[in-house]
Structures are given as structure tokens and as C-alpha cells.
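Here is the structure we will look at, set down as C-alpha cells.
The values are calculated or read from the model by the stated rules, or taken from the named source; none is laboratory data. None of the values given here were measured: they were computed from a predicted structure. Glycine gets a Cβ as well: all are built from the backbone with ideal geometry, and neighbour counts include every protein chain shown. The area values use the complete protein model at the heavy-atom level, side chains included, leaving out ligands, DNA and RNA. Shrake-Rupley method; radii C 1.70, N 1.55, O 1.52, S 1.80 Å.
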Number of protein chains: 2
Amino acid sequence: MQGSAGDDCLTGVRVIDLTQFEAGPSCTEAMAWLGAEVVKVENPTAGDPGRSINPPGKDVDAHYFLQYNANKKSVTVNLKSPRGLALVKDLVRKADVFIENFAPGAVERLGLGADVVRAINPAIIYAQVKGFGTGSPFEKNLAFDMIAQACGGTMSITGEPDGPPLKPGPTIGDTGTGMLTAISILAALYRRTRTGQGEHIQIAMQDAMLQYTRGAFAATTTSGKPARRAGSGSVLSRNPPMGLFPTKGGGSNDYVYVYTSRANPEHWRRLLAVIGREELVGDARYDSPAARLEHEDEVNAMVTAWTSKHDKHEAMRIIGGAGIPAGAVLDTSELLNDPSFEQRGIMQTVQHPVIGTYKMTSWPARFSGRPPTLRPAPLLGQNNEDVLESWLGMSHDEIGTLKTDGVI
Amino acid sequence: MQGSAGDDCLTGVRVIDLTQFEAGPSCTEAMAWLGAEVVKVENPTAGDPGRSINPPGKDVDAHYFLQYNANKKSVTVNLKSPRGLALVKDLVRKADVFIENFAPGAVERLGLGADVVRAINPAIIYAQVKGFGTGSPFEKNLAFDMIAQACGGTMSITGEPDGPPLKPGPTIGDTGTGMLTAISILAALYRRTRTGQGEHIQIAMQDAMLQYTRGAFAATTTSGKPARRAGSGSVLSRNPPMGLFPTKGGGSNDYVYVYTSRANPEHWRRLLAVIGREELVGDARYDSPAARLEHEDEVNAMVTAWTSKHDKHEAMRIIGGAGIPAGAVLDTSELLNDPSFEQRGIMQTVQHPVIGTYKMTSWPARFSGRPPTLRPAPLLGQNNEDVLESWLGMSHDEIGTLKTDGVI
């Protein structure tokens with residue numbers, strides 16, 4: 001069977017990437033993993049500010065930056081110099097995609113707004129990621145992941161039922177938005193193969209959050225009330241046993257999630273066998289979801305009596321192996337050290353010229369059995385020569401002059 | 001400027017959709033919004049079990065189902081009958097994409113495994129969504145959103161620092177995986193325009209979670225320790241003031257998120273002006289992130305003294321308007337009733353033949369200023385005639401016979 005690991009899907013697609021931090025970079029990284037030539041255009045002084053988020057040393061790129069910029073190239077350009085701006089416009093003529101996530105109004109002030117760029121290259125896909133949508137009362141406001149999560153509903157449905165709202169740990173505001181941007185760009189690129197047409201795509205982080213909280217919106221439409229926080233349960237329905245149960249060890253992540261589906265009564269019966277309570281199979285006090293809800297504390301206590309005698313891995317193995325949905329709560333160290341991810345290519349070990357060896361996830365889909373191969377994030381300006389020569393046919397000397405003159 | 005709202009991007013792409021619940025349906029819905037002809041193939045008895053999750057009445061599709069199946073078609077096929085199976089194989093010959101998210105091994109037992117389908121149509125993109133990856137010790141296990149979130153790290157980084165792990169409310173395990181699947185399929189479709197080549201894409205919900213928690217993995221790589229829960233702060237760094245502050249009203253979502261960036265010292269100085277403490281601008285006790293961390297309780301108390309006198313909307317308006325990232329915690333009812341979403345087309349009002357009128361979000365990206373237009377999710381088997389006629393050229397009578405014989 002032919003197999004490419006997916007990293008030739010977007011071969012030939014050239015992306016001018018004026019994004020920073022995470023929402024934009026996560027989008028272009030997905031494209032880079034799938035084969036696009038993504039060129040980060042960065043200021044020559046410090047580059048993407050993501051390079052300096054909690055770095056492991058002085059003048060070293062942060063692991064945060066490495067996570068979101070693998071497989072890309074970096075070109076430095078002083079966008080405030082007329083020659084720098086002209087250089088980017090020359091790159092625009094050769095590009096298929098232009099993307100930015102600066103603060104509202106900034107890219108237009110730089111002279112690279114949608115009207116300018118699309119006039120130079122009408123077939124380009126021009127994409128913008130902002131905190132709030134054009135036309136929103138907050139369109140000029142700054143936003144980061146947590147602001148999007150506050151205003152987009154995700155915090156209101158996370159937390160204990162009687163506690164305050166809480167930020168989900170995953171950066172849905174950033175990467176969650178980045179993934180929707182990638183889908184939108186790829187769809188527009190696909191259309192372009194048919195029609196030749198460019199596009200102006202705009203996405204707001206607040207709006208993007210709605211995409212990830214639609215179960216809660218369904219609940220609101222049905223009930224007419226705001227979705228409430230449900231702890232580790234579901235905003236849609238309570239159906240015990242369903243939730244986190246403590247396991248042996250007592251550590252901060254020594255829990256196993258056990259889920260018995262309302263749609264499949266076998267889950268409960270199988271669980272009774274696992275926890276040694278077969279005598280309760282068919283017992284009317286527990287046999288239906290409604291009955292278990294009435295005896296919720298008892299039901300949870302029976303499950304806990306069993307889980308607290310097993311460690312989380314064993315609990316997952318035994319309960320999951322018996323055909324009941326179950327999952328140990330794994331922390332980031334356990335996941336990084338779990339050999340299964342490396343064996344399957346989901347995590348790969350990368351060799352970075354300055355940082356050295358580290359392990360991270362690649363694009364987590366497998367194409368003919370393998371995810372794309374990781375290459376480390378570029379050093380600042382690492383690909384100046386390569387890109388200016390291959391995109392614009394510039395000579396070594398011309399590039400040298402740009403460097404001497406502080407343009408790149 | 002030409003503008004299509006994006007809903008012609010995937011015109012001509014035919015998708016055979018054997019998915020249910022959310023992880024698969026969220027993927028194909030994104031494709032349907034962007035113009036693909038997505039045909040849900042459902043069992044004639046009850047269809048996608050998502051139709052019956054908390055429905056508003058008897059024999060009515062759930063709002064949950066409407067959320068994840070807009071703009072699709074539905075064809076009923078009894079896959080366990082030889083004629084039903086042959087019918088799907090006929091559809092396979094005409095399709096560009098085949099996608100399923102059954103329990104492990106089920107699609108192969110039905111006789112529609114990757115080898116079979118790809119032999120019939122070598123150019124097809126065949127995509128599978130499972131809980132755990134092929135080759136994982138848990139590859140045969142069942143999974144739902146919460147199991148993926150337990151095993152994929154998202155629960156371990158959500159919650160209060162001294163509390164138990166917690167499930168994020170957004171369904172990242174489901175929709176989060178669906179979005180990565182959509183990107184993978186679109187990339188393979190794009191390649192196919194160049195090479196004609198089909199593909200076998202596999203994605204596991206556990207693996208997909210890693211994509212949304214990479215800031216935490218960066219922290220672990222830097223520190224060598226598991227990322228800890230950070231309440232509503234960040235796993236990457238503590239930088240007060242940063243978090244949820246209570247506002248006037250005292251309701252369960254009366255909070256505003258305030259974020260002062262380490263990278264931009266102006267945020268703190270602007271905030272001092274907003275809260276009427278200009279006398280502290282430049283005060284060494286508070287002027288640097290390190291100093292504020294040392295006086296964290298005092299800093300938070302000053303901000304709270306101001307926020308508790310304003311309601312959350314006013315607090316967001318004033319703080320955000322002064323150039324400091326700020327966001328009110330909005331609940332699902334507030335968001336559904338916020339006129340900005342409808343004005344911008346992000347939410348649209350849909351007319352469903354049975355449910356009547358309801359409002360939901362469309363694809364939250366705008367193409368030339370508008371998101372795609374919503375069409376309601378199909379009734380079970382609503383498009384039998386249309387699809388069998390237009391894809392396979394079947395006559396009204398032939399379709400009638402299939403129906404009489406219980407094949408569709």
C-alpha cells in the first residue's frame with residue numbers, strides 16, 4: 001500500500017505566516033506538518049514573542065515555541081522599513097496563503113491589510129485570527145486564550161456545580177481556534193483548485209469557542225436555561241456511575257473515569273461483575289438509569305470500594321477490558337513517558353540545534369499508518385537565504401546587502 | 001468583492017458518513033457547512049443514536065443531534081442485509097470520502113473495512129475515528145469524550161491546584177478530535193487533486209487530546225515535572241493579576257477575567273488607572289511581574305475591590321476598553337441571546353420541519369464577511385430518494401422496492 005505519512009498532502013502550498021504565540025501558529029504548524037512550505041515572517045530583533053515564553057535559558061527558544069512551530073521556516077523582515085515591506089509584497093506574489101493574528105488594526109497599519117495583499121495577489125487565501133469578530137462590540141479588544149474562554153462560554157460550563165467557573169486547562173481559545181482556521185483555509189485552497197479564486201477568511205476566538213461547547217447549547221435550547229457546571233459529569237445528563245473515582249495511591253491524579261452509558265444497559269451489568277457485585281444484576285434498585293440516579297450515593301460508593309483497592313492503570317485495564325468505558329487520569333509526564341506514543345509515531349524525538357534532544361507530539365492523525373515526521377522549529381531567520389533565493393531568485397550578495405542594511 | 005460565505009468550497013465532494021454521536025459527526029458537519037454533500041448512512045430503525053440524547057419529546061430528534069448534523073443528508077440502509085451492504089458499496093464507487101467512528105472492529109465485521117472499501121474505490125479517502133490508536137494497549141477499548149479527556153491529559157491540568165482533576169466542559173474529546181479529522185481529510189483531498197491518490201486516515205481521541213494540551217507539555221519538558229492544575233491561571237506561569245475576579249451580582253457566573261501580560265508592562269499600568277490607583281504606577285512593590293507575584297494577595301485584593309463594584313459586562317467594557325485583556329464569563333443563555341452573534345451570522349435561526357424554530361451556531365469562520373448558511377439536520381431517511389437517484393440513477397420504483405423489502 002502506498003503511504004506517505006501525510007507529509008506530502010500540501011506539497012507546493014506556500015504560506016506567509018505573520019502569526020505569533022499560539023492561535024495562529026497552531027494553524028500554520030498543522031499545515032506545515034501536512035507538507036506546506038510555511039514561512040514565518042518575524043521581526044529581526046526578537047521574532048515571535050512565543051520564543052521567549054518561559055525559555056529554558058538565556059537566548060534559547062522556549063519549549064512553548066518549539067511545540068507550535070515545528071516543520072516551519074523562519075525569515076526575518078523589518079516590516080517597518082519600506083524595503084522590508086516591499087520584500088513581503090514580493091513574497092505575497094509567490095504565495096498561496098497569507099495569515100496573521102496581530103492585535104486589531106495592526107496588520108492594516110503595517111500596510112498589509114486584506115485589500116492591499118489581495119490586490120497584489122487576487123488568488124491568495126488571506127486569513128485573520130482575532131479575539132472578537134468584526135462587528136462585535138469588542139472588535140478592538142485584545143484577547144488571549146483565557147479571554148476567549150471567559151467570553152465564549154467554556155469557563156461557565158467548567159467547574160464543580162457549587163463552585164466558581166473555571167478555565168479548562170487545554171488551550172481551546174488558542175489551538176481550538178487555530179484548528180478551525182486550518183479547516184477554513186484548506187477548504188478555500190481546495191475550491192481554488194477548481195475556480196482559481198482567492199478568499200478573505202476571518203475568525204474570532206470568542207466565536208470559535210461556540211464550536212466546542214455545542215452539547216451545552218443543545219441543553220440550553222432544550223431546557224431554556226443556562227447550562228450548569230457538572231463537575232466531571234456531563235452537562236447533558238446525570239447517569240451514575242459516571243465520573244472520576246479515586247484509586248489506590250492517593251496522588252493528585254490517582255483517579256479513574258468510569259462511564260456507564262444510558263444507551264447500553266450492559267455497561268452497568270458488566271461493571272457489577274468486575275466489582276464483585278453480580279448479585280445485584282437485575283436488582284430493581286439499580287437496574288435502570290433512573291433507579292441508579294435515585295441511589296446515586298450508594299452506586300458511587302460501591303464503585304469506589306473497588307477502585308480504591310486498585311491503582312489507576314490496573315483499574316483502567318480491568319474495567320476497560322471488561323467492555324465498560326474507563327480511563328485513568330494520566331498526567332503530562334506519564335503521557336510523555338508512555339512508550340505507546342513513540343512506538344506509534346504520535347510522539348517523536350527531535351534534535352534541535354541549540355536545545356538538543358526533546359520529545360513532542362506530531363500531527364496526531366496517521367496516514368497509511370504513520371503521522372508526519374517532525375522537524376524542529378526554526379531558529380530566528382534560519383531560512384533567510386533559502387526562501388529569498390527559492391521564492392524570489394535573489395542572489396547571495398543581494399541577500400547580504402539586505403542583511404547589512406537591517407532590512408532582514 | 002466576490003463572496004460565497006464559504007459554502008461552495010467543497011462543492012462536488014461526496015462523503016459517505018457512517019459516524020454517530022459527536023466525534024465523527026462534528027467532522028462531517030464542518031465539511032457539509034463548507035459545501036460537501038454529506039450523506040449520513042443510518043440504520044432504518046433509529047438511526048444515529050445521537051438523535052435520542054435528551055430529546056425534547058417522543059419521536060423527535062434531540063437538539064444535540066441538530067447541533068452536529070446540520071446541512072447533511074440522511075439515507076437509511078440496513079447494513080446487516082446483503083442488499084443493504086451492496087447498496088453502500090455502490091455508493092462507495094461514487095464517493096470521495098468514507099468516514100466511520102464505530103466501536104473498534106465493527107466496520108470490518110460489517111464488511112466495510114479499509115481494505116474492502118479502498119479496493120472498490122482506490123481514490124477514496126477512508127477515515128476512521130477511534131478512542132485509542134491501533135497498536136495502543138487499549139486499541140480494543142470503548143471510549144467517549146470523557147474517557148479521551150481522562151487518558152489524554154486534559155483532566156490532569158484542569159481544576160484547582162489543591163483539588164481533584166476535573167473534566168473540561170467543552171467536548172474536546174469529541175469535537176476536538178473531529179476538527180483534526182477534518183483537517184486530515186481536507187489535506188488528503190487537496191493532494192488528490194494533484195496525484196489522484198486515496199488515503200487511509202486513522203485518528204484516536206486519546207492522541208488528539210495531546211494537540212490541545214501542548215503548553216502543558218512544554219512546561220513539563222522545561223521543568224521535568226508533570227504540569228500541575230492552575231485553577232483559572234496558566235500552567236505555564238503565574239503572573240498576577242491574572243484570573244477570575246468576582247463582580248457585582250454574586251451569581252454563579254458573575255466574574256470577569258483580567259489578564260496582565262508579562263510581555264507588556266503597560267497592561268498593569270493601565271489597570272491601575274482604571275481601578276483608581278494611579279498613585280501606584282512605578283511603585284517598586286508592584287511594578288514588575290516578580291514584585292506583583294510577591295504581593296499577589298494584595299494585588300488581587302485591589303483588583304477585586306474595583307470589580308466587585310461593577311457588573312461583569314461593565315467591568316469587561318471598562319477594563320477591555322482601556323487596553324487590558326478582559327472578558328466577562330458568559331453563560332450559554334447569555335451567548336444564545338447576545339444579538340452580536342446573529343447580526344454577524346455566527347448564530348443563525350433554523351426552521352426544522354418537526355422541532356420548529358431554533359437558533360444555533362454555524363461554522364464560526366467568515367468567508368468574505370459571512371459564515372455558511374445553516375440548513376437543519378435531516379430527518380431519518382429524508383434523502384433516500386434524492387441520493388439513490390442522483391448518485392446511482394435508481395428509479396422511483398426501484399427505491400420503493402428497497403423500502404418495501406426493508407433494505408432502506
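For a quick check of your reading of the model, give me the residue pairs whose first member lies in region B:205-229 and is under 15 Å from A:A70 (Cα atoms), whose second is crowded, with 24+ Cβ neighbours inside 10 Å and of a type in the set (F, W, Y), with beta-carbon atoms closer than 6 Å and at least 6 apart or on different chains.
B:A218/A:Y64
Which numbered condition trips up B:P364, out of (1) open to solvent by 10 Å² or more (accessible area, probe 1.4 Å); (2) touching a Leu at 6+ places or on another chain (Cβ under 7 Å); (3) free of Cβ contacts under 8 Å to residues at least 40 places away in the same chain?
Status for B:P364: all satisfied but (1).
Could you please tell me which pairs satisfy a Cβ distance under 6 Å, a separation of 6+ or placement on different chains, a first residue in region A:303-323 that is farther than 21 Å from B:G153 by Cα, and a second residue that is in a helix (DSSP H, G or I)?
A:A322/A:R270; A:A322/A:V274; A:G323/A:R270
Within region B:264-281, track down each residue that is in contact (Cβ under 8 Å) with a residue 12 or more places away in the chain and either assigned to a loop (DSSP other than H, G, I, E, B) or of a type in the set (K, R) (or both).
B:P265, B:R269, B:R270, B:I275, B:G276, B:R277, B:V281
Does region B:246-277 hold any residues that are open to solvent by 40 Å² or more (accessible area, probe 1.4 Å), facing another protein chain (nearest Cβ under 10 Å), touching a helix residue (DSSP H, G or I) at 6+ places or on another chain (Cβ under 7 Å) and not hydrophobic (A, V, I, L, M, F, W, C), and which are they? Walk me through how you get there before you give the answer.
Going residue by residue through region B:246-277, those that are open to solvent by 40 Å² or more (accessible area, probe 1.4 Å) are B:246, B:248-250, B:252, B:255, B:262-266, B:269-270, B:273, B:276-277.
Those left that are additionally facing another protein chain (nearest Cβ under 10 Å): B:246, B:252, B:255, B:262-264.
Next cut, touching a helix residue (DSSP H, G or I) at 6+ places or on another chain (Cβ under 7 Å) only: B:246, B:255, B:262-263.
Listed by number, the residues that qualify are B:P246, B:Y255, B:R262.
Residues that are in contact with a Leu (Cβ under 7 Å, 6 or more places away or on another chain): find the strands (runs of 3 or more DSSP E) completely inside region B:156-263 holding 1 or more of those. It would help to see each step written out before you state the result.
Values: elements: B:199-204, B:242-246, B:255-259.
Qualifying strands (runs of 3 or more DSSP E): B:199-204, B:255-259.
Can you find a residue that is of a type in the set (V, I, T), within 11 Å of chain A (Cβ to nearest Cβ) and within 25 Å of the chain's Cα centre (by Cα) anywhere in region B:229-245? Quick ask: steps written out before the conclusion?
Of all residues in region B:229-245, those of a type in the set (V, I, T) come to B:235.
Filter once more, so that each one left must be within 11 Å of chain A (Cβ to nearest Cβ): B:235.
In the following step, the residues that additionally are within 25 Å of the chain's Cα centre (by Cα) were identified as B:235.
For region B:229-245, residues of a type in the set (V, I, T), within 11 Å of chain A (Cβ to nearest Cβ) and within 25 Å of the chain's Cα centre (by Cα): present.
Take region A:113-144 and flag every residue that is part of a helix (DSSP H, G or I) and of a type in the set (A, V, I, L, M). Please lay out each step first, then the result.
Just the residues of region A:113-144 that are part of a helix (DSSP H, G or I), to begin with: A:114-120.
Residues satisfying the conditions are A:A114, A:V116, A:V117, A:A119, A:I120.
Looking only at region A:11-19, decide whether some residue is open to solvent by 30 Å² or more (accessible area, probe 1.4 Å), more than 11 Å from chain B (Cβ to nearest Cβ), over 30 Å from B:P122 (Cβ atoms) and of a type in the set (D, E).
To start, the set of residues in region A:11-19 that are open to solvent by 30 Å² or more (accessible area, probe 1.4 Å) comprises A:11-12, A:14.
Restricting the remaining residues to those that are more than 11 Å from chain B (Cβ to nearest Cβ) gives A:14.
When the remaining residues are screened for being over 30 Å from B:P122 (Cβ atoms), the result is none.
The answer is no, given that none of the residues of region A:11-19 is open to solvent by 30 Å² or more (accessible area, probe 1.4 Å), more than 11 Å from chain B (Cβ to nearest Cβ), over 30 Å from B:P122 (Cβ atoms) and of a type in the set (D, E).
For B:V354, only one of the following conditions fails: (1) aliphatic (A, V, I, L, M); (2) at the interface with another protein chain (Cβ under 8 Å from one of its Cβ atoms); (3) surrounded by fewer than 19 Cβ atoms within 10 Å (Cβ to Cβ). What is its number?
For B:V354, the failing item is (2).
Kindly evaluate B:A290 against the criterion of being open to solvent by less than 60 Å² (accessible area, probe 1.4 Å) and outside the structural domain of B:T357 (by TED's automatic domain parsing).
Details: open to solvent by less than 60 Å² (accessible area, probe 1.4 Å): no; outside the structural domain of B:T357 (by TED's automatic domain parsing): yes.
No.
If you go through region B:161-175 one residue at a time, how many are surrounded by 24 or more Cβ atoms within 10 Å (Cβ to Cβ) and facing chain A (nearest Cβ under 7 Å)? Write out each step before concluding.
First, pick out the residues of region B:161-175 that are surrounded by 24 or more Cβ atoms within 10 Å (Cβ to Cβ): B:165-175.
Right, trim to facing chain A (nearest Cβ under 7 Å) and you get B:165-172, B:175.
Final tally of qualifying residues: 9.
Of a type in the set (S, T, N, Q) and surrounded by 20 or more Cβ atoms within 10 Å (Cβ to Cβ): which single residue out of A:T332, A:T373, A:T304, A:T349 fits that description?
On the way: A:T373 fails: surrounded by 20 or more Cβ atoms within 10 Å (Cβ to Cβ); A:T304 fails: surrounded by 20 or more Cβ atoms within 10 Å (Cβ to Cβ); A:T349 fails: surrounded by 20 or more Cβ atoms within 10 Å (Cβ to Cβ).
One residue alone meets the criteria, A:T332.
Tell me, which residue of region B:39-55 that is within 10 Å of chain A (Cβ to nearest Cβ) and not small (G, A, S) is surrounded by the most Cβ atoms within 10 Å (Cβ to Cβ)?
B:I53
If you take the residues of region A:95-117 that are within 27 Å of A:G196 (Cβ to Cβ) and out of contact with any strand residue (DSSP E or B) (no Cβ under 6 Å at 6 or more places or on another chain), which of them is surrounded by the most Cβ atoms within 10 Å (Cβ to Cβ)? Break it down into steps so the answer makes sense when it comes.
Of all residues in region A:95-117, those within 27 Å of A:G196 (Cβ to Cβ) come to A:95-101, A:107-108, A:111-117.
With the extra rule that they be out of contact with any strand residue (DSSP E or B) (no Cβ under 6 Å at 6 or more places or on another chain), the set shrinks to A:108, A:111-113, A:115-116.
On the way: A:E108: 13, A:G111: 15, A:L112: 24, A:G113: 17, A:D115: 12, A:V116: 16.
Among those residues, the one meeting the criterion is A:L112.
Could we say that A:K130 is open to solvent by 30 Å² or more (accessible area, probe 1.4 Å), within 25 Å of the chain's Cα centre (by Cα) and farther than 25 Å from A:L10 by Cβ here?
Values: open to solvent by 30 Å² or more (accessible area, probe 1.4 Å): yes; within 25 Å of the chain's Cα centre (by Cα): yes; farther than 25 Å from A:L10 by Cβ: no.
Judged against the criteria, A:K130 is not a match.
Residue under question is A:T76, and the condition is that it be hydroxyl-bearing (S, T, Y) and either touching a residue at least 40 places away in the same chain (Cβ under 8 Å) or open to solvent by less than 30 Å² (accessible area, probe 1.4 Å) (or both); does it hold?
Details: hydroxyl-bearing (S, T, Y): yes; either touching a residue at least 40 places away in the same chain (Cβ under 8 Å) or open to solvent by less than 30 Å² (accessible area, probe 1.4 Å) (or both): yes.
The answer is yes for A:T76.
Got a number for residues in region B:183-218 being open to solvent by 10 Å² or more (accessible area, probe 1.4 Å), over 17 Å from A:W33 (Cβ atoms) and facing chain A (nearest Cβ under 7 Å)?
Total satisfying the criteria: 3.
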